């Protein structure tokens, strides 16, 4: 089942009601799912490789904490923030100011920023680690089978 954007996200505590959570594709809902958004977002940064390393390490450790608590929604939200760290860093690495398109809709020319590319690589490593974590994969399958 795909991510449901029709829910009243402001009134749902997904820790208390995990059955309402849908994994969706990629980063869908990453900034809507509470209390996880408020827990993880303050740690999400990628401006420089050292900041990205600190951020990716902290969010990955949160992933591990959620795993210890058998909290799949938390695990998946940590994965989404790690993935978003990669995709946003990549966007800024490829396009000055992170702007892929000009105001007229034409695509800007790529200008590779090696610092942002390094930040993206840091997040990508953690993202790959999460995507191959067997506990995460089993919990994801179980959640999707049970709730859609």
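Key figures
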| read-out | value |
| --- | --- |
| Residue match in region 114-130 (condition: surrounded by fewer than 22 Cβ atoms within 10 Å (Cβ to Cβ), under 30 Å from residue 13 (Cα atoms) and free of Cβ contacts under 8 Å to residues at least 12 places away in the same chain) | yes |
| Spans of helices (runs of 4 or more DSSP H) in region 15-116 with at least 3 residues over 15 Å from the mean Cα position of the chain (by Cα) and within 21 Å of residue 138 (Cα to Cα) | 49-68 |
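Values in this text are rule-based calculations from the coordinates and carry no lab data. Everything numeric here is computed off the predicted structure, so don't read it as measured data. Positions of Cβ are generated from backbone atoms using ideal geometry, with glycine treated the same way; all protein chains shown enter the neighbour counts.
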